[in-house]
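Notes for the one structure printed next.
All of the numbers you see were taken from the coordinates with simple rules; none came from a lab. Quick caveat: nothing in here was measured; it's all calculated off a predicted structure. So basically every Cβ, Gly included, is an ideal-geometry build from the backbone, and we count neighbours across all protein chains shown.
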Amino acid sequence: MTEEWPAQYLEGIRLFNEEEFFECHDVLEELWSEIEGTEKKFIQGLIQAAISLFHFGNENFGGAKKLYVSATKLLTQYDDGFMGLELQQFLADYARCFDELLANTEAYPTTVALQDELVPKLSLKGE
C-alpha cells in the first residue's frame, strides 16, 4: 500500500514517529516545494504539526501554540484517510497532547511540559 506515496512523505512520517521533528520538517518541506494541488496544504499542515511539537519540546510555548492552531486549521479541512493517514485519530491525539498547554494561561508557563506518552503518531491506514 505504501508504494503509492512519495518516498519523502514516508520518510517524513517515519521521522515524525521517531520524534525527530526538525528533521521531519526538513524532509516534508522538500516534498512541499515539489507538489501542487490539495496535497500542498496538507503537507504544510504536517510540517506545522512537526514544528509545533519541536517547539513544545524545547519549551517555546508561544511558537508551539501558534503552530498548533495553524496546523489544526489546515489539517481539519481534510477527510480521514487523505494521503492514507488515519487523520481523525492523529488530530484527536494531537489535541490531547496540547490540552495542558492550551489551557494554561501563564505568560511563561512553568508547570507545562511535553509528555512523551501523549506525543501523537502518524499512522497510515491498514498498517
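Before moving on, here are some points about what is shown:
- Residues of the stretch 94-117 with amide N under 20 Å of a point placed 7 Å along Cα→Cβ from GLU18: 116-117
- Under 15 Å from LYS125, Cα to Cα: aspartates and glutamates that are on another chain or at least 8 residues apart: GLU3, GLU4, ASP79, ASP80, GLU86
- Extension reserve of the ALA103-ASP26 stretch, reckoned as 0.36 nm per residue once the Cα distance is removed: 24.7 nm
- Relative packing of 57-63, 88-94, which averages over residues the other C-beta atoms within 10 Å, highest first: 88-94, 57-63
- Helix 61-75 and the long axis of the chain differ in direction by around 30°, with both axes built from C-alpha atoms.
- Which of THR110, THR72 has the fewest Cβ neighbours within 10 Å, and the rest in rising order: THR110, THR72
- Only alpha carbons enter this Debye calculation for the chain, each as an equal point scatterer, and the log10 of I(q)/I(0) it gives at q = 0.15 Å⁻¹ is -0.64.
- Within a Gaussian network of the chain (alpha carbon springs, distance under 10 Å), most fluctuating of ALA49, ALA103, ALA71: ALA103
- Neighbour counts of other Cβ atoms within 10 Å put CYS97, CYS24 in the fewest-to-most order CYS97, CYS24.
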